[in-house]
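Trainee: This structure is in structure tokens; I'll ask about it shortly.
The values are calculated or read from the model by the stated rules, or taken from the named source; none is laboratory data. All values reported here derive from a predicted model rather than from experimental measurement. So basically every Cβ, Gly included, is an ideal-geometry build from the backbone, and we count neighbours across all protein chains shown. Please note that ligands, DNA and RNA were not included when accessible areas were found on the heavy atoms of the full protein model with its side chains. Shrake-Rupley method; radii C 1.70, N 1.55, O 1.52, S 1.80 Å.
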Amino acid sequence: MIEIQEQLKNLSIDPGVYIFKNNLDQIIYIGKAKSLRNRIKSYWNESAWKDRPKLKVLVPQVKKLETIITKSEKEALILESNLVFKHQPRYNVLLKANDKQFPWLVITYDESYPRLIPVRKVDQFNKKAKKNTHNKFFGPYTNVGAMYENLRLVNELFPLRKRYKPQFKDRPCLNYDIGQCLGPCQQKVSTEEYAIMLEQVEMLLKGNYQDLQRILTVEMNRYSENQEYEKAAKARDRIYALETFNETQNVVSEDHNLEQDVFAMVHDDTHKIGCLQIFKTRKGKLINRDSVEIDLHEDFDDSEIFSSAFEQYYSQVPESEIPKEILLSQEIDSYELYEEWLSDRKKAKVKIQYPQRGDKYAQVNLAARNAKILLEKIKLNLMEDASKNINIALENLQKELDLFQPPQRIECYDISHIQGSATVASMVCFIDGMPAKDQYRRFKISKDQNDDFASMKEVISRRFKKELKENLHTESITDFDDYIAGSSEDEDQSHLSNEQDSLPDLVIIDGGKGQLSSAKEVMRELGFDHIKTIGLAKKEEEIYLPNESKAFILDRKSPELFLIQRIRNEAHRFAITYHRKIRSQRSTKSKLEDIPGLGPKKRKLLIEAFGTITKIREASIEEISALKGFNQRLAETIKTHI
């Protein structure tokens, strides 16, 4: 660190880019700054670490510092974006794609008769090209399906050359015979005619559907007037195919000159992933929707995630694809700098806005909702992948929690109530990583209380006293009968088999240190202190161990974390479902208690028959009066009061 401290004293006040390296000389972070001295020194100001947890992890690893001075802040932004894309540093926000490359469509203008082909590794492709290449790239396509849809449409409308080399020396291949190629390898089409077709292909790839449609209409009419009916028919078919495709594009604005991107982002700190959703509107129509996954290795603040994702995304977008207007789902620092950068690239004014009301806000909100839906799908896929690795998850839990063997039986407990009302608890059981629903238990807490610690003590006591009574036949322990159905005949546990209960290898308490301490206190008193018990705090998925002041966190994308999250979520679902049932029953009972002539037994019959006030209200007088002990007069009274 002495070397770093010396470097901090001699930093330039100019704008530029800074590069942090670790003891292995690996680049771990790249950033930009308006003033290199002020920005870099802020990393070694420990008071700033409280608000930025990432710095607690990043800064101690920095063993080497490099800086690159630039002429302006805009130049620093461009350089930073290029370096991040090239080196993919661990502690930068990274857009995720297969092979870290988004696919492009390329018109191979370096060839005599260019083709349209998909390319993912642009750098490798350019190495094989001429020094002064004329190839044109369209993309990048973060939505691969959209790229192949565009490629399909081009192939349907325009018979471009498909093969890199001719299949035959003296005749065209099958593509020519079926109308999928004009046979340039055998000089069956002029250079001029082929060039005109390529111009039209470019128009289609840029989304200029209406202009292309007008050109094709003029062509069709000209061919028709010249009695070239075969060519006229082909132009007509292209117009029809283009119209069909164009109809699938949603009209966003009546302004046919509107060029707009809607850029929205959501992220999940728990799973360390984020998602971008970009709606692309051209000529007033929504022509494409890009979805990009973001890898978040550490704790980033919202503004850093958003600005970094924005920079990386638009640094990869070609100049021709940059819109005139970009709407953002959240504010971005120094947006004037980004406007200047994108305007220079586009060679035209680019406006960036953060709308908070009106139609533009509605568009941003829609993109954000789509991003959230996609994020949930990504999380679900991660969980599905983790579920395929249950054995690995259990083995990893054994190592992380210092267990004697992989936990075969895991129990998780959760408390549910609303401000102490209708307090209930749940216990779910997973055996060999899979839910054992016949082992689930529900508890009605003996009294309503806004005290999760006391509720947790009661639940754990009832669970393990029951274990003592059945397995150890301990006569001295009392109050066992409370366990089943929580001393309530309304609690249905008839489907549960108590005979299969056994001691868990691992107990998970939904909560932090307080809930964990309450549970362990009871387990210690009852002689079950040897059972491994942990607390799982939901906010950061921190794991607490008994007698340990600090929590620890599992790898955010590890199968073991997904497993215990799944178990905790199941306990929460089971508890809240029961809580709602109890609350609904209480609400129904309270409304029925005010009806004259309806005593406790008849109220119970009525609830058992119809379940809820709504269904009682929907029932006919005949249906109610048909119940045992009811008559038409009582049924009419009930209907009147509800």
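Trainee: Determine the alpha carbon to alpha carbon distance for each of K437/K602; K283/K349; K121/K188 and list only those over 27 Å. Intermediate values should be presented prior to the final figure.
Mentor: Numbers: K437/K602 33 Å; K283/K349 17 Å; K121/K188 33 Å.
Those over the limit are K437/K602; K121/K188.
Trainee: At N226 and D170, where each label point lies 7 Å from the Cα along Cα→Cβ, what is the point-to-point distance in nanometres?
Mentor: The answer from the label model is 3.2 nm.
Trainee: If R0 is 51 Å, what FRET efficiency do you get for K557 and S446 from their C-beta distance, rounded to 0.05? Present the calculation step by step, with values, prior to reporting the outcome.
Mentor: Working: r = 41 Å, r/R0 = 0.81.
Here the calculated transfer efficiency is 0.80.
Trainee: I've got another one for you. Over all Cα pairs of the stretch 310-453, how is the pair count split among 10 Å bins, expressed in % and running from 0 up to the last occupied bin?
Mentor: 9, 19, 19, 17, 17, 15, 3, 0
Trainee: What does the extension gain come out to for K349 and S72, with contour length at 0.36 nm per residue minus their alpha carbon separation? If you can, show how the numbers build up before the last one.
Mentor: On the way: separation 277, 0.36 × 277 = 99.72 nm, distance 1.93 nm.
Contour length minus Cα-Cα distance gives 97.8 nm.
Trainee: Taking the stretch 180-235, how much of its Cα-Cα pair set, in percent, is spaced more than 18 angstrom apart? Before the final figure, lay out the partial values.
Mentor: Working: 652 of 1540 pairs.
Roughly 42 percent, once rounded to a whole number.
Trainee: What distance in nm lies between label points placed 7 Å from Cα along the C-beta direction at A233 and S502?
Mentor: Going by the 7 Å Cα→Cβ label model, 7.7 nm.
Trainee: Please work out how much length the chain gains when fully extended from N381 to E340, using 0.36 nm per residue of separation minus the C-alpha to C-alpha distance, in nm with one decimal. List each step's numbers first, then the result.
Mentor: On the way: separation 41, 0.36 × 41 = 14.76 nm, distance 3.91 nm.
Full-extension gain reported as 10.9 nm.
Trainee: Let me ask something additional. List the pairs from K128/K347; K520/K581; K615/K639; K379/K550 whose alpha-carbon separation is above 23 Å, in the order I gave them. Walk me through the intermediate numbers first.
Mentor: Numbers: K128/K347 29 Å; K520/K581 29 Å; K615/K639 11 Å; K379/K550 27 Å.
Going by Cα-Cα distance, K128/K347; K520/K581; K379/K550 fall outside the 23 Å limit.
Trainee: Extension gain L468-N155, at 0.36 nm per residue separation less the Cα-Cα distance, in nm? Could the numbers behind the result be given before it?
Mentor: On the way: separation 313, 0.36 × 313 = 112.68 nm, distance 7.41 nm.
Going from the current span to full extension adds 105.3 nm.
Trainee: Tell me which residues come under 5 Å, amide H to amide H, from I294 once H is placed; ignore anything under 5 positions away on its chain.
Mentor: K96, G274, C275, L276
Trainee: Estimate the FRET efficiency between Y361 and D177 by the formula 1/(1 + (r/R0)^6), using the beta-carbon distance for r and 35 Å for R0, to the nearest 0.05. Don't jump to the answer; show the numbers that get you there.
Mentor: Working: r = 55 Å, r/R0 = 1.56.
Calculated value: 0.05.
Trainee: Largest first, please: the extent of the C-alpha atoms of the stretch 271-361 along each principal axis, to the nearest Å.
Mentor: 38, 28, 25
Trainee: For the stretch 335-384, count all C-alpha to C-alpha pairs, find those more than 12 Å apart, and express that count as a whole percent of the total. List each step's numbers first, then the result.
Mentor: On the way: 882 of 1225 pairs.
Value for the stretch 335-384 (Cα pairs over 12 Å): 72 percent.
Trainee: Follow-up. Once you put a point 7 Å from the Cα of K63 and another 7 Å from the Cα of E593, both along the Cβ direction, what distance in nm separates them?
Mentor: Spacing of the two 7 Å Cα→Cβ label points: 7.1 nm.
Trainee: Could you grab the Rg to Rh ratio for the stretch 515-642? Cα atoms only, Kirkwood for Rh. Show your work: numbers first, answer last.
Mentor: Numbers: Rg = 24.1 Å, Rh = 18.9 Å.
Ratio of gyration radius to Kirkwood radius for the stretch 515-642: 1.28.
Trainee: So if we plug the beta-carbon distance of Q408 and I576 into 1/(1 + (r/R0)^6) with R0 = 30 Å, what FRET efficiency do we get, rounded to 0.05?
Mentor: After rounding to 0.05, the efficiency reads 0.65.
Trainee: Within the stretch 403-463, what whole-number % of the accessible surface is contributed by carbon and sulfur, with the 1.4 Å probe and all protein chains included in the calculation? Can you show the working numbers first?
Mentor: On the way: 1180 of 2320 Å².
Carbon with sulfur: 51 percent of the solvent-accessible area.
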